[in-house]
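Novice: Input: one structure, supplied below.
The values are calculated or read from the model by the stated rules, or taken from the named source; none is laboratory data. Model, not experiment: these values are computed from the prediction. Methodologically, a virtual Cβ is constructed for each residue, glycine included, from the backbone with ideal geometry; neighbour enumeration extends over all protein chains shown. Remember, those area values only see protein heavy atoms, side chains included, never the ligands or the DNA or RNA. Shrake-Rupley method; radii C 1.70, N 1.55, O 1.52, S 1.80 Å.
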Amino acid sequence: MSAKEVKSALKNAREAIKNKEYKEALKHCKAVLKLEKNNYNAWVFIGVAACELEQPDQAQTAYKKAMELEPGQPLAWQGLASLYEKSNQADFKTELPKVYEKLATLYESSDKEKCYEVGKKLVDLYHSRKDDAQAARWLRRLISLKGDVDKEEELQLWLRMVQLLADSVEEQDNQTQQHLITAFEKAVLLIDPPCDKHKRLLTDYIKCLSKLQHEEVKMKEACDSMLCLYPSDAFPLEVLSLHYIQTRGFCSDEAAKSFSRLLEADGDSGLGHIGLGMRALEDGEYEAAVKRLDQGLKRMPSCIIGWYSQAQARLKMHQYRDVIVSCTQGMKLCCEGGDELSQRFMQLKIEALVRSGGQQNADEALEILSQIPNSEKDPVLMSFKGRAFLQKGLIEQAFQVSSEVLMSQPSQADALSLKGLVHFAKEETQQAEQSFLKAVEQCPNSGEYYFLLGKLYWHMGEETRRDKRKAHEHLLKAARLDPFLGSAFRYLGHYYRDFAKELGRARGCYKRAFDLDSSDVESGAATVDLSMEQGLMDSALGVLKSVTDTATPGLAKWAWVRRGLYYLKTGQHSQATEDLQAALKADPQDYICWECLGEAYLNRRMFTSALKTFARAHELNPESIYNLYQMAAIKQTLGKFKEAVKEYMQIIEQEDYVPALKGLGECLLAMARSAFMDYLDGRAVDLLQEAIAFLFRAVQQRPDLSCLWKLLGDACTATHIVSPSRAKLLVPGLLSGLDPLDQKHMLDQNQVLKLGERCYAQALKRMGEAANLWHDLGLNYYHQSRQLIFSEEKQDSLLPLEKSLQCLKKAIMLDASNYTYWNALGVVAMSKGIENFALAQHSFIKSINMEANLAYKAFNTAQSLEPSYVNCWIGQALIAENIGNYDTMDLFRHTTELSTHTEGVKGYAFWVCSTLLDKTNRNSELYLYNIVQMNAVSAAQVALCKYTERIQTDSDAFTMLGYLNEHLQLKKLAVQAYQRAVELLQAGPPTKKLSFALRNYGRALCHTGQWEKAVDIYLSTPQEDIHDVTGLALSYFRAGRLQDSINTYETATALACTEEEKACLLTALALLECHRGSTDAAKTLLFKCSMLKDPIPESLQCLCALGLVQGDGTLANAALSELLKLPRNQVAVEELCILTSALLALQGNCAAVQREAARAVHRNPGNPSLWALLSQLVPQYYPRKAEGGAVAGAVACHSSVTQGKKALLFSGINQLAAGRHSKEDQRKNALKTIQRAILLSPADPACWAALMAACHTENVARVLSGAAPRWQGLEKRLLSMVSEEVKVVEAVERPQALALEAWALQQAVSGLRQVGRHVEAESLCTEVLRMSPEQPAVFLLLRQIECENLLHSAPTLPSSVLDQLSSMMVAGQASLSAWHWLAEVYRTQGLLVQAVMVYRQSLQLASQMGHFSWKMATLLRLALLALGPCMACEPSAEWKDLVLEATSEALKLGPCPVALLIQALLQFSLKMGARETRRQLERIVYTPVPGQPETVVSVARWYLLRHYHAKNDLEPIDTLMNHAKASGDCRLLELQKRLLC
């Protein structure tokens, strides 16, 4: 081949590469190489083609061959670079930088632009490999290649270098770091300041320099430059401050300037505060240092050097607990291991733990010490170890440590002080003194050693104990050397207080000690005590407040006690109570503190709390008379006189304690007055005699006390109540003035009253201006005059009466605001002998005007002082009752909540009954709150039960209890209460109250079914009140004496006073006429009622109900229209709803029945009766809304207790109608709901019947899901429960109950038949027929069972049996279920046409009866019957049409998933693989209608899977199986396995 041909072949190769025909190009190149093995272009083209054909090794070989031929040509190098860039092979990537380097060298002289591009690639490549040095080198070459470029482009290059190198500056070598610094400097110079870009770059530059310790000068210059350009930016100052802190250069002036400027720029800067704090620490300004460091560490909690400096400063101030906290925080931040700073923290913490004292701290110090390596070589640490041993009580170990240290370093001060402390602990004071003196010689500026020496002198020897001047000298020197040593100031305070008697200086020293150490209880207490002693209350309170504000519960008892006592002294009892309670949290065993708290409670009039508090104090200190006296006094105040007497007696058995004697006398006097009220005169006189004896003992001790003489006068005067023959007392001779003085004398009533006069006179000698004494003396004179009138000395009675009048006038002069004084003056003024009636009238008027208002104030004050004291609430309630206040019932209610008090209980019951009797206030706020919201009826009934158990002679209480029991439907209890009221009233003469009680008793007997007894009770009444007559008539009716009832009602019409009463009686007569079958007479009477001017709603309701019973829709509609015209408040909305719904049901409009009930609920959503009615109507008339019916029942149950019992049952029945079983919902299903209903109403037969249905539903659901029935064998037991409850049903409800029993029997038999227990079902029917043979339904049921037994023995039934069954159905008016059963029998016999005829007859019967569910069930059964032949491959147009007809009719009635399924199965039977079959089945499976049962979906899946397999459609099969797995359809999974096999 010639050169021309070679050139042509190369051209062809180039064109082939251009056209991407790489194999063709290879052929041309190989042809060239056959002639010219060293053809450069051929090898290059081979490399290109091989690269594109993904043959990297061949391409690499070709390129390298070309480079060997002509190394200076760039074409091969470019190809090789392209190959390496595209390939992911590791060896290619390794060789790529060398290729770039070669290309850059080739381009550098010829094409600088290409060299520049290659250089950029090298920079990126080196940067990705983290070869920062090479990246920086090439960036500098790129900058030099550009030469004279514009400023912006050069800037970008330098910024690129900064970006590449800035992140890893600390890991770079010195040359690379210098490249980075140069880049920063060049870039900074290329940006014109000031601007944000320049500021950010300068910030990054400073950050970079701060990481390089050897560039400190440049860093400072950069910071200064930035501060000049941007003076408001704190960043450079922060960098400088951090630099000075880290390099320990914070003492320089430059550092101080930086810190100050930083705080000026940012007042919250943590670095600024820490830096200044460290400077203050170096300067010895420890308080300022701590303050600065605290502020800085709040902003920079990660600064380790800051925590260390803070620990040092606090150690200098002896704040050891804070030192421990700082060291702990610093050690957390330090690196683990042998870090030097960490060991410093350990040493500081050890010193703080040792100096803070305590065995626990000593253990922790020793543990930390063991972690420090070579600690035994450090004498300071060893000294701390010795001190730790000393704190633990290990004196010998401490002495050994000190000896070992002193052996190696005899002049070590810490070891000397340790040795002195050991000697001090051993009470070797001379040796201790020598050791401390040596320590002082070694460290003459140590305040601690002077303090130890001063403390030693304070406790050393008898001479130094008397003369503390030597100790004072050393303590004073210690305080001067170490002004933060609080213990030195404490001992100085002791010196100035106890020896120098300079209380001002002592208080100052104690204050300084406490300021230095807030945990120094002794100094704090001394400060407060001295401040209070000197009258500096504000200062004392300031100290106490500072302690209590920061104290945690259970601590600082001394502060709480002192402040509590201060508040107690100044009358601030609430604050005193709080503080003393806090003190007791710290020390619950301090009986003195309990006594003080009791005083605080007592001053606040909180007697119950005070009593408990003093009782606790007495438990802690049984010897204390004070606590016992306070307990007795409180019980006396609360009226517990017998208990108080016992405790007073305990006191006086120990000593004649005058307050106890006085209290004992007062209690005995109060008990005597109580006995007088109960007419226990003998006991009262005995108590008075005891009271006089004890009070006389008190007078003998303290004759100067006026109160004792007054009490003696009260005791003597109290004898006026009894007869003179009983009022004889034994009185000591010294008191009576009779000889002999050492004996007791028997005084008669007149003498005792004279003695009382003398006692009052003695009291007035001591307190002449006491108005109450003049009042008591006046009453004494009045009683003397009354005694004289009934004796033989009538002529002498006037003088004491006049004295009485003068004394009472004197009392009123002293206190004219006391109503009792005016009342007493009025009584005396109108007495015979005075007879000043004008004065008496004036006095009584003044008394009445004052009494009520003052009583209210008194009770109100008592209630505010002791809210749990029931008597004050009863007093307020009685006053409110007198003035007619509407809060009366609420006040009485509150008394019953506090305790059971007779007055409170009876008052509350009276007001509850009165409110219930008023029928006009049912919607008032007062009724809704006091009766409904506060559950008043139940509360009053419970309280009255307790009252009548104790007081069984109060007929009014029993009457009210019976009335409340009636309201609560406690009928038997109501009878018992009314019976007791009648018995109590019959003991007296006949009264209206007795007639009222008999009427109530008769009514209660009627309610309990005791009709004949009720007749007897009503006949015993006077028969003058219309209520008695109507009650008798009702009793006659209930007892079955219809004619007597009619005659009595006719008699009652003569007593009717109003048209309303007359209308009610006519309505009652109409009901009686209707009851005995005279409906025309009943209508006449009811029409007569409706023609009255104001017809009553009851008559119209009866007329409407009569029309409904007789099927007369016109009459019912007319009566209902008239009823709707009446005002809404006259007719209950639930009664209107019932009548309207019944009329709609009579008209056959079942859907309207549900709508009417729902409309009523919508209008009255707060009426639980309507919710219950809606729940009751839905399953019967519109079962498709059964879910809503269940919700309505639940709402009624939650809204009302009375409606809740039935509503819960209705809710369960709705759930049954909706098919809600446990397979669908474990928590909310029919079985659970009905079980709850039985718990609420175990005596309701309907609940047991519903439970039977629920168990049957559960069993069916489990069978359908392939599980075994769970609730088996319950049919007979549940049926027996229904029968037992039916027996006790009232006669009015008996027909419905019997129908329910018959249904339950059918349900039980059905359940037994379902599980194949036909023998038991047959025996059950036979037993029922034996007891009640006239039950055609049971007889038919028995025949069905017998027929099923025949079917089991012989599959084919004789035609005669079938004819007999058919005739029985027609003749016996069989139920719809029986018709369905007969159709099923025909189906099993193959008589499908007859079965269809039976279903059509059943459908006709269901339509006539208006049973929606039975109509739907019949249509579905008919469709299934017709579907059978179609599925058996025997399709005919007749059966197909019948299926479509039945399912279409079912769908017209409403949504029906089963009907849709039947239609889909019909389509499947006709055309299994048709698209319509797939569409219908998929609609059921994937788009179910609301309420669709899972069984329907499961069946649809079954047939859909068969359809998919027939079509061999795999993807839908997978989707269907996933759907089945999500739904738990195991049967479909089994079918899939079988189909795959």
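Novice: Does at least one position in region 1201-1215 carry a residue that is within 20 Å of Trp1414 (Cβ to Cβ), within 37 Å of the chain's Cα centre (by Cα), aliphatic (A, V, I, L, M) and open to solvent by 50 Å² or more (accessible area, probe 1.4 Å)?
Specialist: Yes, there is a match, as at least one residue in region 1201-1215 is within 20 Å of Trp1414 (Cβ to Cβ), within 37 Å of the chain's Cα centre (by Cα), aliphatic (A, V, I, L, M) and open to solvent by 50 Å² or more (accessible area, probe 1.4 Å).
Novice: Scan region 596-610 for residues that are open to solvent by less than 30 Å² (accessible area, probe 1.4 Å) and without any contact (Cβ under 8 Å) to a residue 40 or more places away in the chain and report the count.
Specialist: Total meeting the criteria: 6.
Novice: Going through Leu814, Leu741, Leu798 one at a time, which residue ends up being open to solvent by 10 Å² or more (accessible area, probe 1.4 Å), without any contact (Cβ under 8 Å) to a residue 60 or more places away in the chain and under 60 Å from the mean Cα position of the chain (by Cα)?
Specialist: Matching residue, one of Leu814, Leu741, Leu798: Leu814.
Novice: Among the listed residues Ile721, Ile692, which satisfies the condition of being β-branched (Val, Ile, Thr), in contact (Cβ under 8 Å) with a residue 12 or more places away in the chain and open to solvent by 40 Å² or more (accessible area, probe 1.4 Å)?
Specialist: Numbers: Ile692 fails: open to solvent by 40 Å² or more (accessible area, probe 1.4 Å).
Exactly one residue qualifies, and that residue is Ile721.
Novice: Would you confirm, using the coordinates I've provided, whether Leu1251 is over 30 Å from Ala1039 (Cα atoms), modelled with pLDDT under 75 and open to solvent by less than 30 Å² (accessible area, probe 1.4 Å)?
Specialist: Values: over 30 Å from Ala1039 (Cα atoms): yes; modelled with pLDDT under 75: no; open to solvent by less than 30 Å² (accessible area, probe 1.4 Å): yes.
Judged against the criteria, Leu1251 is not a match.
Novice: Would you check if there is a residue in region 410-420 being at pLDDT below 70, over 60 Å from the mean Cα position of the chain (by Cα), over 17 Å from Glu473 (Cβ atoms) and not hydrophobic (A, V, I, L, M, F, W, C)?
Specialist: Within region 410-420 (the criterion being at pLDDT below 70, over 60 Å from the mean Cα position of the chain (by Cα), over 17 Å from Glu473 (Cβ atoms) and not hydrophobic (A, V, I, L, M, F, W, C)), the answer is no, since none of the residues qualifies.
Novice: Right, another one. Is there a residue in region 968-991 that is assigned to a helix (DSSP H, G or I), of a type in the set (Phe, Trp, Tyr) and surrounded by fewer than 21 Cβ atoms within 10 Å (Cβ to Cβ)? Break it down stepwise before answering.
Specialist: So in region 968-991, the residues assigned to a helix (DSSP H, G or I) come out as 971-986.
Checking the rest, the ones that are also of a type in the set (Phe, Trp, Tyr) come to 978.
Next, from what is left, pick out any that are surrounded by fewer than 21 Cβ atoms within 10 Å (Cβ to Cβ): none.
No, there is no match, as no residue in region 968-991 is assigned to a helix (DSSP H, G or I), of a type in the set (Phe, Trp, Tyr) and surrounded by fewer than 21 Cβ atoms within 10 Å (Cβ to Cβ).
Novice: Further question: Since Gln1043 meets every condition but one in (1) farther than 11 Å from Cys1089 by Cβ; (2) open to solvent by 30 Å² or more (accessible area, probe 1.4 Å); (3) assigned to a helix (DSSP H, G or I); (4) in contact (Cβ under 8 Å) with a residue 12 or more places away in the chain, which condition does it not meet?
Specialist: Among (1) farther than 11 Å from Cys1089 by Cβ; (2) open to solvent by 30 Å² or more (accessible area, probe 1.4 Å); (3) assigned to a helix (DSSP H, G or I); (4) in contact (Cβ under 8 Å) with a residue 12 or more places away in the chain, the lone unmet condition for Gln1043 is (4).
Novice: Where residues in region 474-510 are touching a Gly at 6+ places or on another chain (Cβ under 6 Å) and part of a helix (DSSP H, G or I), which of them is most open to solvent (accessible area, probe 1.4 Å)? Full working, then the answer.
Specialist: Pass one, region 474-510, residues touching a Gly at 6+ places or on another chain (Cβ under 6 Å): 474-475, 478, 481-482, 485, 506, 509-510.
From what is left, the residues that are part of a helix (DSSP H, G or I) are 474-475, 478, 481, 506, 509-510.
On the way: His474: 29, Leu475: 0, Ala478: 0, Leu481: 66, Ala506: 0, Cys509: 18, Tyr510: 0 Å².
Among those that are touching a Gly at 6+ places or on another chain (Cβ under 6 Å) and part of a helix (DSSP H, G or I), it is Leu481.
Every residue, every condition in (1) touching an Asp or Glu at 6+ places or on another chain (Cβ under 7 Å); (2) open to solvent by less than 40 Å² (accessible area, probe 1.4 Å); (3) part of a loop (DSSP other than H, G, I, E, B); (4) of a type outside the set (Lys, Arg), yes or no:
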| position | (1), (2), (3), (4) |
| --- | --- |
| Ala1068 | no, yes, no, yes |
| Gln1101 | yes, yes, no, yes |
| Ala1118 | no, no, no, yes |
| Glu1134 | no, no, no, yes |
| Ser1141 | yes, yes, no, yes |
| Glu1156 | no, yes, no, yes |
| Pro1165 | no, no, yes, yes |
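Novice: Another one. Look through Ser723, Ser804, Ser785 and report the one residue that is hydroxyl-bearing (Ser, Thr, Tyr) and not in a helix (DSSP H, G or I).
Specialist: Ser723
Novice: While we're here: With respect to Leu1170, is the statement that it is closer than 30 Å to Asn921 by Cβ and surrounded by 17 or more Cβ atoms within 10 Å (Cβ to Cβ) true? Steps first, please.
Specialist: On the way: closer than 30 Å to Asn921 by Cβ: yes; surrounded by 17 or more Cβ atoms within 10 Å (Cβ to Cβ): yes.
For Leu1170, the condition - closer than 30 Å to Asn921 by Cβ and surrounded by 17 or more Cβ atoms within 10 Å (Cβ to Cβ) - is met.
Novice: Next question, about the same structure. Tell me which of these Arg1220 doesn't satisfy, since it passes every other one: (1) in contact (Cβ under 8 Å) with a residue 12 or more places away in the chain; (2) in a helix (DSSP H, G or I).
Specialist: (2)
Novice: OK, next. Please go through region 1265-1302 and pick out each residue that is farther than 18 Å from Pro1242 by Cα, modelled with pLDDT under 70 and open to solvent by 90 Å² or more (accessible area, probe 1.4 Å).
Specialist: Answer for region 1265-1302, where residues must be farther than 18 Å from Pro1242 by Cα, modelled with pLDDT under 70 and open to solvent by 90 Å² or more (accessible area, probe 1.4 Å): just Val1292.
Novice: Name the residues in region 649-668 that are assigned to a helix (DSSP H, G or I) and out of contact with any Phe, Trp or Tyr (no Cβ under 8 Å at 6 or more places or on another chain), would you? Can you show your working first?
Specialist: Going residue by residue through region 649-668, those that are assigned to a helix (DSSP H, G or I) are 649-654, 658-668.
Listed by number, the residues that qualify are Met649, Gln650, Glu653, Gln654, Val658, Lys662, Glu666.
Novice: Restricting attention to region 695-709, and to residues there that are touching an Asp or Glu at 6+ places or on another chain (Cβ under 9 Å) and surrounded by 24 or more Cβ atoms within 10 Å (Cβ to Cβ), which single residue is farthest from Ala672 (Cα to Cα)?
Specialist: Start the filter on region 695-709 by keeping residues that are touching an Asp or Glu at 6+ places or on another chain (Cβ under 9 Å), which leaves 695, 697-698, 700-701.
Filter again for surrounded by 24 or more Cβ atoms within 10 Å (Cβ to Cβ), leaving 695, 698.
Values: Leu695: 15, Ala698: 19 Å.
Applying the filter and picking the extreme gives Ala698.
Novice: Take the residues in region 1070-1099 that are of a type in the set (A, V, I, L, M) and within 23 Å of Tyr1036 (Cβ to Cβ), then tell me which one is most open to solvent (accessible area, probe 1.4 Å). Walk me through how you get there before you give the answer.
Specialist: At the first step, the residues of region 1070-1099 found to be of a type in the set (A, V, I, L, M) are 1070-1072, 1081-1082, 1085-1086, 1091-1092, 1096.
Those left that are additionally within 23 Å of Tyr1036 (Cβ to Cβ): 1070-1072, 1081-1082, 1085-1086, 1096.
Numbers: Ala1070: 3, Leu1071: 96, Leu1072: 7, Ala1081: 38, Ala1082: 1, Leu1085: 28, Leu1086: 6, Ile1096: 10 Å².
Applying the filter and picking the extreme gives Leu1071.
Rundown of residues vs (1) without any contact (Cβ under 8 Å) to a residue 40 or more places away in the chain; (2) hydroxyl-bearing (Ser, Thr, Tyr); (3) crowded, with 18+ Cβ neighbours inside 10 Å; (4) in a helix (DSSP H, G or I), yes/no style:
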| position | (1), (2), (3), (4) |
| --- | --- |
| Trp307 | yes, no, yes, yes |
| Gln312 | yes, no, yes, yes |
| Thr328 | yes, yes, no, yes |
| Met331 | yes, no, yes, yes |
| Leu348 | no, no, yes, yes |
| Leu353 | yes, no, yes, yes |
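Novice: Here are some residues: Asp378, Asp363. Which one is of a type in the set (Asp, Glu), within 24 Å of Gln442 (Cα to Cα) and surrounded by fewer than 22 Cβ atoms within 10 Å (Cβ to Cβ)?
Specialist: Details: Asp363 fails: within 24 Å of Gln442 (Cα to Cα).
After applying the criteria, what remains is Asp378.
Novice: Another one. Out of (1) closer than 25 Å to Asn965 by Cβ; (2) modelled with pLDDT of 80 or more, the odd one out for Arg1041 is which?
Specialist: Status for Arg1041: all satisfied but (1).
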